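One structure below.
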Amino acid sequence: MEEVTNVNKQTNETPSEPGSGESKDNRNEGFCFTDMSLESLRKLNEKFIKEREWDKFHSPRNVLLAMVGEVGELAEIFQWKGEVTQGLPELSEEEKVHVGEELSDILIYLIDFASRCHIDLPTSVVKKMEANAIKYPVEKAYGQANKCTDYK
């Protein structure tokens, strides 16, 4: 739980080891997201929707169903590919761009859905990570992929 609650307020980074500044797992070495808040993305999407007068179509149910459809479109890219590794070297550049587009659609709908349900997504994520840290204690779950009930 210390890992989750020890979020650096300036950089929004969560160090994997106190004071280390670097991850024990280097699989994502060299990769990071652009530092943009979910709130700025929410505002950008809200403006986009209002400019087109689409708000009347964006009920929570409709947004949820649209998001589920986009998850299906993302899954379709990976259908019949077998296992793929980090960085997606098995996919063509065109397919990688397509993955980014579908992920963007999913994120846009997720943010819109959370907003319409009045769920503060960043706060909810932190609370969920804290709960997961209790359900999956490092000393019991490390290197395991068991259900949380196996760690009681």
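The values are calculated or read from the model by the stated rules, or taken from the named source; none is laboratory data. Treat the numbers as computed from the prediction; the structure is a model and nothing was measured. Because the Cβ atoms are built from the backbone with ideal geometry, glycine has one as well, and the counts that use them run over all protein chains shown. Surface areas here come from the heavy atoms of the whole protein model, side chains and all, with no ligands, DNA or RNA. Shrake-Rupley method; radii C 1.70, N 1.55, O 1.52, S 1.80 Å.
For a straight C-alpha distance cut-off of 23 angstrom, the lysines reachable from K128 (same-chain residues fewer than eight places away being disregarded) are K9, K24, K140, K147, K152.
Taking each residue as 0.36 nm, the span from A145 to I77 lengthens on full extension beyond its C-alpha to C-alpha distance by 21.9 nm. Judged by the ratio a/c of the largest to the smallest principal axis of the C-alpha gyration tensor, the range 106-152 counts as prolate, that ratio being 1.5 or greater while a/b is larger than b/c. Relative to the current alpha-carbon distance between K47 and E90, full extension at 0.36 nm per residue lengthens the span by 11.8 nm. For the range 57-94, applying the loop criterion from DSSP together with a ceiling of 13 other beta carbons within 10 Å to the GluC sites (Glu not before Pro) yields E83, E90.
For the range 67-152, the square roots a ≥ b ≥ c of the C-alpha gyration tensor eigenvalues yield an a/c of 1.5 or more together with a/b not exceeding b/c, which makes the shape oblate. With the Cα gyration tensor of the range 90-131 giving a ≥ b ≥ c as the square roots of its eigenvalues, does the rule (a/c under 1.5 for rounded; else a/b larger than b/c for prolate; else oblate) give rounded, prolate or oblate? Note, shape of the range 90-131 comes out oblate. Rolling a 1.4 Å probe across all protein chains gives M129 an accessible area of roughly 90 Å².
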